[in-house]
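In what follows, a structure is listed as structure tokens, so that the remarks can point back to it.
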Amino acid sequence: MLSTAELDAAAGRLTALTDLDQRVARVAWRLSTANADLCPVVRTSAGWALHSARQYSLDLRPHAESRFGLIGDLPGVLAVPPDSPAAAAGFAPGDLIVEAAGAELNPGDGESAPSWTGLERNLRVIDTALASGRTTFMVQRGDDRIHIALTPERACGYDVQLDPSDELNARADGRRLFISTALAEFARTDDELALILGHELAHHVLGHRPWNEAGGAARRANDGAWKAESGGGGAEQQADRAGLYLLARAGYDPTVAAPFWRRFGESNWRVRFPQIGHASAGSRAQALEAVEREIEAKRRSGGELRP
Ligand SMILES: [Zn+2]
């Protein structure tokens, strides 16, 4: 049995986690739609963030179930960015999706160990339905079952995922962008969050590949090493530069970049000094100030913002 204090602590952690999820979804959606013309992989998307009861640890799960009405592996609506197709269609956090385009989703086998697998299978059914355009969903909302039709929008084709972790890091693999809860919390504003996610998205836009996939040196966990196929500068410097353009194109403020990296350097000893693939936080800040001036000059001359 858990004590009342332990239950309250778990409820508090769930609130903090879902608040972050909603922030990350909001910023990711703006970056993904504003830069769809630059992304090598695009899809038609609802813009929402979905979650399932099964993905939560056993202490958080009862709170997630009661707060969001989640059941097993069924996708529930966690976040609805204000300018997304999901918002336009009238979806709200707490809606549980039970059917997509007539295909019933699978609530799972009732196993209790935390897992994403069943949710991911259901998400593939939803993505397939959205790929063919306007889609009708059957949704459990409180005691009612209702139909909601949604017209998806073109966006970069990558999922953004929040990783519960105390480490300050973000990374990307071929399909997803990840940001740790600690780093998302460290970002004080949506502009700073857009700086981090913009950098990771830029690796995709630039066609970089994780170093280990390229058959290079063994990659330390989370070291963020990327390989550039061509062009000057290291992959990280290229992603810093292009990422700032992606941020600006999405309407966020590029002047947050240099102060953010300086503050990051002060609080994180590992980035005060250069490491493999990464310049020190100070020289990163300096390089980004130059890109900021470049973007400002292009804006003033009415030039197109392309990295
Ligand atoms: Zn990077």
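The values are calculated or read from the model by the stated rules, or taken from the named source; none is laboratory data. Computed from a prediction, not measured in an experiment: that's the story for all the values here. Because the Cβ atoms are built from the backbone with ideal geometry, glycine has one as well, and the counts that use them run over all protein chains shown.
Worth pointing out:
- Cβ-Cβ under 8 Å pairs, at least 6 apart or on other chains, region 285-307 side more than 23 Å from Cys39 (Cα to Cα) and outside the structural domain of Leu31 (by TED's automatic domain parsing), far side in a loop (DSSP other than H, G, I, E, B) and β-branched (Val, Ile, Thr): none
- Elements of type strands (runs of 3 or more DSSP E) in region 121-223, at least 1 residues being modelled with pLDDT of 95 or more and of a type outside the set (D, E, K, R): 135-141, 144-150, 153-156
Results for (1) surrounded by fewer than 18 Cβ atoms within 10 Å (Cβ to Cβ); (2) in contact with a strand residue (DSSP E or B) (Cβ under 9 Å, 6 or more places away or on another chain); (3) within 16 Å of Leu150 (Cβ to Cβ), shown as yes or no for each residue.
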site: Leu58; (1), (2), (3): yes, no, no
site: Phe68; (1), (2), (3): no, yes, no
site: Gly72; (1), (2), (3): no, no, no
site: Gly76; (1), (2), (3): no, yes, yes
site: Pro81; (1), (2), (3): no, yes, yes
site: Ala86; (1), (2), (3): no, yes, yes
site: Ala100; (1), (2), (3): no, yes, yes
site: Ala103; (1), (2), (3): yes, no, yes
site: Ser112; (1), (2), (3): yes, no, no
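- Taken as a whole, region 104-113 holds no residue that is modelled with pLDDT of 95 or more, within 23 Å of the chain's Cα centre (by Cα) and not in a loop (DSSP other than H, G, I, E, B).
- Considering only residues in region 263-295 that are touching a helix residue (DSSP H, G or I) at 6+ places or on another chain (Cβ under 8 Å) and at pLDDT 90 or above, the one that is surrounded by the fewest Cβ atoms within 10 Å (Cβ to Cβ) turns out to be Gln286.
- Selection within region 188-198 - surrounded by fewer than 24 Cβ atoms within 10 Å (Cβ to Cβ) and not charged (D, E, K, R): Thr189
- Filtered residue count, region 118-131, keeping only those that are touching a residue at least 24 places away in the same chain (Cβ under 8 Å) and closer than 24 Å to Pro62 by Cα: 5
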